[in-house]
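Q: Sharing a structure below in structure tokens format, with a few things to ask.
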Amino acid sequence: VLTYDGIVEHDAAIMDGRSRAAGAATGTTRIRNPITLARRVMENSPHVFLRSPGADQFATGQQLEQVPNEWFVTPERRRQWEEFRGRQGISSFDVDLKYGTVGAVALDQVGNVAAATSTGGLTGKRWGRIGDTPVIGAGTFADNRSCAVSATGSGEFFIRAGVAHEICARIRHGREAPQAAADAVMADVAALGGSGGVIVVTPAGEGVYSFNTPGMYRGMANPNGRSVAIYGDD
């Protein structure tokens with residue numbers, strides 16, 4: 001999605017449940033694959049979280065592919081941005097809250113979990129706004145002792161609720177089953193006034209999701225097959 005100024009800014013984060021190693025980057029504008037940058041931060045730097053312009057400098061040193069910012073822009077996102085700017089006096093954000101997030105949680109054959117999330121944020125975001133995606137514990141978290149979580153939605157509320165970590169903590173401390181934990185935390189987000197959803201996988205192989213919006217694009221693959229869905233009753 002496009003910012004208030006009409007450019008694309010990316011945030012991304014990745015976390016390894018084995019060691020709780022993590023990497024994140026925010027505000028990048030030229031890195032073709034921001035999630036690859038987040039992984040390089042995790043694996044090839046002593047840090048967890050980098051912001052631009054330092055993140056761009058680090059990416060250059062890692063020889064990651066860069067493209068012009070316009071490469072990320074689609075005609076539909078440009079149209080949405082133009083509509084937003086036409087009514088910009090209403091809100092600092094797009095009142096329709098169009099998200100640009102993609103996330104994944106994964107389990108390997110020996111029980112390790114991982115989570116990764118990448119986003120362009122919210123249409124019309126300004127002042128260097130950062131959402132939940134790159135914030136470890138808010139939009140992304142993985143811990144072999146409990147689960148891996150990736151979130152999408154109104155990031156300010158996901159940060160305030162510490163959504164990803166809260167779900168993992170509820171499971172790890174035995175308070176709730178994975179589905180109950182995800183539902184309870186999303187109910188808390190809704191009570192605060194936020195909307196969105198999460199995908200979750202546990203070391204035992206249980207995959208669940210929870211969202212308080214009409215739909216959430218999602219897919220799952222496991223030894224029993226593959227499935228895709230959009231709405232709550234799919």
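Q: Got a sec to turn the phi values of segment 172-186 into Karplus ³J(HN,Hα) couplings, 6.51 cos²θ - 1.76 cosθ + 1.60 with θ = phi - 60°, whole Hz, x for Gly and Pro?
A: 4, 8, x, 6, 8, 5, x, 5, 5, 5, 4, 5, 5, 5, 5
Q: Work out from phi, with θ = phi - 60° and the Karplus expression 6.51 cos²θ - 1.76 cosθ + 1.60, the ³J(HN,Hα) of each residue of segment 157-168, listed in order in whole Hz, and give x for Gly and Pro.
A: So the Karplus estimates, Gly and Pro as x, are 6, 5, 5, 4, 8, x, 3, 4, 5, 4, 4, 4 Hz.
Q: Using just the helices of the chain, give the 222 nm mean residue ellipticity in deg cm²/dmol: DSSP H runs with n ≥ 4 each add -39,500 (n - 2.57), and the total is spread over all residues, rounded to 500.
A: It lands at -8000 deg cm²/dmol.
Q: Taking the highest mean first, how do the peptides 20-32, 102-114 order by number of other beta carbon atoms within 10 angstrom per residue?
A: Ranking the peptides 20-32, 102-114 by packing returns 20-32, 102-114.
Q: Between Ser150 and residues 5 or more places away or on another chain, which pairs have amide H atoms under 5 Å apart, with H built 1.01 Å from N, and which residues are they?
A: Ile199
Q: Now a separate question. How much length, in nm to one decimal, is gained on full extension between Asp233 and Glu65, taken as 0.36 nm per residue of separation minus their Cα-Cα distance?
A: Result: 56.5 nm gained on full extension.
Q: So for each of 218-227, 179-188 I average, over its residues, the number of other beta carbons within 10 Å; can you give me the resulting order with the highest mean first?
A: Taking the mean over residues of other Cβ atoms within 10 Å, the ranking is 179-188, 218-227.
Q: What list of ³J(HN,Hα) couplings, whole Hz, do you get for segment 191-206 from phi and the Karplus terms 6.51, -1.76, 1.60, once you set θ to phi - 60° and write x for glycine and proline?
A: 5, 6, x, x, 9, x, x, 9, 10, 9, 9, 10, x, 7, x, 8
Q: If you roll a 1.4 Å probe over the heavy atoms of the protein chains, what accessible area per residue do you get for the chain, in Å²?
A: On a per-residue basis, the chain sits at 49 Å².
Q: Take the solvent-accessible surface of the protein heavy atoms, probe 1.4 Å, and return the percent of it on the chain that carbon and sulfur atoms account for.
A: That share works out to 51 percent.
Q: Would you mind classifying segment 1-67 by shape? Square roots of the alpha carbon gyration tensor eigenvalues, ordered a ≥ b ≥ c; an a/c under 1.5 is rounded, otherwise it is prolate if a/b is larger than b/c and oblate if not.
A: prolate
Q: Please label the shape of the chain as rounded, prolate or oblate, based on the square roots a ≥ b ≥ c of the eigenvalues of the alpha-carbon gyration tensor (a/c under 1.5 means rounded; beyond that, a/b larger than b/c means prolate, else oblate).
A: It comes out oblate by the Cα gyration axes.
Q: Take the chain, connect every pair of alpha-carbon atoms lying under 10 Å apart with a spring to form a Gaussian network, then pick out the residue of Arg87, Arg145, Arg51 with the largest mean-square fluctuation.
A: Taking springs between Cα atoms under 10 Å, the residue moving most is Arg87.
Q: Taking the mean number of other Cβ atoms within 10 Å as a proxy for protection, how do you rank 55-65, 166-176 from highest to lowest?
A: 166-176, 55-65
Q: Moving on. From Cα pairs below 8 angstrom and at least 6 apart in sequence, can you work out the relative contact order of the chain, rounded to a whole percent?
A: In percent, rounded to a whole number, it is 18.
Q: Moving on. Skipping prolines and chain starts, which residues have an amide H placed within reach, meaning under 5 Å, of the one on Arg18, given they are 5 or more residues away or on another chain?
A: Val113, Asn144
The values are calculated or read from the model by the stated rules, or taken from the named source; none is laboratory data. Since this is a predicted model, take the numbers as computed values, not measurements. Every residue, glycine among them, receives a Cβ derived from its backbone with ideal geometry; neighbour counts consider all protein chains shown. Just so you know, the surface numbers come from the protein's heavy atoms only, side chains and all, with ligands and any DNA or RNA stripped out. Shrake-Rupley method; radii C 1.70, N 1.55, O 1.52, S 1.80 Å.
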